[in-house]
1. Count neighbours as other Cβ atoms within 10 Å of each site's Cβ, and list the chymotrypsin sites (Phe, Trp or Tyr not before Pro) in the stretch 215-249 that are DSSP loop with at most 13 such neighbours.
2. Please state the charge dipole magnitude for the chain, taken about the Cα centre, from unit charges on C-beta atoms (+1 on K and R, -1 on D and E), reported in debye and rounded to the nearest 20.
3. What ³J(HN,Hα) values, in whole Hz, does the Karplus curve 6.51 cos²θ - 1.76 cosθ + 1.60 give for the stretch 59-67 when θ = phi - 60°, with x put for Gly and Pro?
4. In whole percent, what relative contact order does the chain give with Cα contacts below 8 Å and a gap of six or more residues?
5. What is the order of ARG30, ARG142, fewest Cβ neighbours within 10 Å to most?
6. Over the stretch 263-402, what is the relative contact order in percent, taking alpha-carbon pairs closer than 8 angstrom and at least six residues apart?
7. Taking a ≥ b ≥ c as the square roots of the eigenvalues of the Cα gyration tensor of the stretch 273-406, is the shape rounded (a/c under 1.5), prolate (a/b larger than b/c) or oblate?
8. How much length, in nm to one decimal, is gained on full extension between GLU349 and PHE220, taken as 0.36 nm per residue of separation minus their Cα-Cα distance?
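Here, each number is a calculation from the coordinates, and none is a lab measurement. Computed from a prediction, not measured in an experiment: that's the story for all the values here. Note: ideal-geometry Cβ built from the backbone for every residue, glycine included; neighbour counts use all protein chains shown.
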Amino acid sequence: MIDSAHVDVAVTWLSAAGCAAYFAFVWIQRGGNPAARTELFLFGTLAVLLFVRGFWWTTHAPLLGRAVFAVATLLPLAITLFVERVLRRHHPLWLKTLGAVSSVAFFVLNLFGELALSTPALVAFLSCVVVVLGANGVLLVRERRGDLGERESSIAGALVFAALASLPLAVTDFREDIQGIPVRLGSLGALVLIYSLLTVESAGRLLLPLPVRIASMAVFAAVLAGAFALVNVGFGPAWSEATLRGMPVAAAWVLFSATVTRMLALHAESRAGSFLRWLLHARLDSLDGFLVSLRRLSIAAGYVALRGNDLRAYRIERLFELAEAKRGPLSISAARSWIAQGHNLDEAEQLVDLFARHEMTHALLVRAEPPLVLLLQLPQATDRYVGEARAAVIQRIARHLAQNDK
């Protein structure tokens with residue numbers, strides 16, 4: 001007989017391991033990018049929360065319960081900051097205030113009291129979490145239908161799908177209050193979210209849409225659970241019950257394995273050879289086609305294209321002269337160096353402002369009339385010079401295609 005409490009803990013710890021692995025993946029791939037901080041904050045919080053919660057469910061120690069809710073109170077703020085970063089737009093002030101005040105107020109309440117033992121306080125906290133989640137979900141849906149870029153729209157869609165898939169799972173975490181629920185499955189929502197985000201990063205390389213892939217993993221989990229049940233109890237009346245009991249752990253393991261495999265594949269693609277493979281399949285028939293292909297290159301997937309009105313406040317002609325003299329992309333490090341040396345001060349300050357406004361590090365000046373500038377976020381550590389060399393190739397190809405499009 002499989003103990004439900006043991007199933008709860010196993011699923012929770014596998015989900016915690018998935019969050020920790022994704023935290024490490026984001027840190028390695030884009031830890032120097034300011035935009036990654038909110039992602040690290042959210043998944044670091046989830047990893048700690050799920051890890052400690054497993055011990056709490058095992059020991060029922062009051063101190064661990066207080067620690068669980070201390071971490072859980074950070075979720076409204078972490079979710080709000082993460083969604084705001086995904087949308088690249090400022091949230092309404094009331095929503096940011098609600099997220100921050102909810103986290104701070106309930107953290108202090110749990111610090112001096114015990115949130116888990118106060119039903120009114122717990123209901124108030126859960127209500128705030130629901131309101132924050134709902135408001136962020138509405139913004140994701142609304143902005144996705146608006147003028148989001150292709151990548152941001154894909155991420156928003158993946159987040160909406162993960163949220164909808166996680167809702168019924170989250171209800172099972174209240175099995176002690178709702179009769180008929182055998183195990184807690186809420187932590188599986190974290191793995192669904194991670195896999196959804198990794199699917200967006202793998203855009204153009206996956207043959208099946210996200211819902212179909214999740215459904216297929218549920219089938220694999222059922223087969224795995226059935227196989228282990230067969231080993232343990234054999235065929236008979238007990239087999240179906242053992243399969244159902246083992247299904248949550250099998251689902252967590254399949255999701256965890258899929259996310260780790262996808263992370264390893266993405267990490268391998270980001271290393272040597274990925275640029276040449278991308279260049280081999282990139283569209284070179286037109287500038288617009290090339291820009292579409294650029295979304296599939298890891299170092300440029302989140303690029304920002306600035307045109308006409310976006311560049312009215314900048315001296316584009318002078319920036320093009322500097323790019324010609326540098327014979328490559330303009331970078332934030334070069335702009336800061338010019339400021340320190342007292343050279344090209346006006347242009348350097350404009351570049352710093354441009355990079356700070358969009359949180360990017362390099363500018364590829366493609367066309368002066370009509371103006372077109374691509375902004376990239378390239379690593380500033382050991383891979384910096386390799387990234388700049390690839391960016392220079394991208395700039396040269398884009399300029400050649402821009403001339404042919406005239």
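1. Of the chymotrypsin sites (Phe, Trp or Tyr not before Pro), the ones in loops of the stretch 215-249 whose Cβ has at most 13 other Cβ atoms within 10 Å are PHE235.
2. Around 700 debye, computed over the chain.
3. Taking θ as phi minus 60°, the curve returns 9, 6, 6, x, 5, 5, x, 5, 5 Hz for the stretch 59-67.
4. Numbers: 482 pairs, mean separation 57.5, N = 406.
Dividing the mean separation by the residue count of the chain yields 14 percent.
5. With the sparsest Cβ surroundings first, the list reads ARG142, ARG30.
6. 27 percent
7. Values: a/c = 1.91, a/b = 1.31, b/c = 1.45.
It is oblate, given that a/c is not under 1.5 and a/b is not larger than b/c.
8. Gain in length upon complete extension: 40.9 nm.
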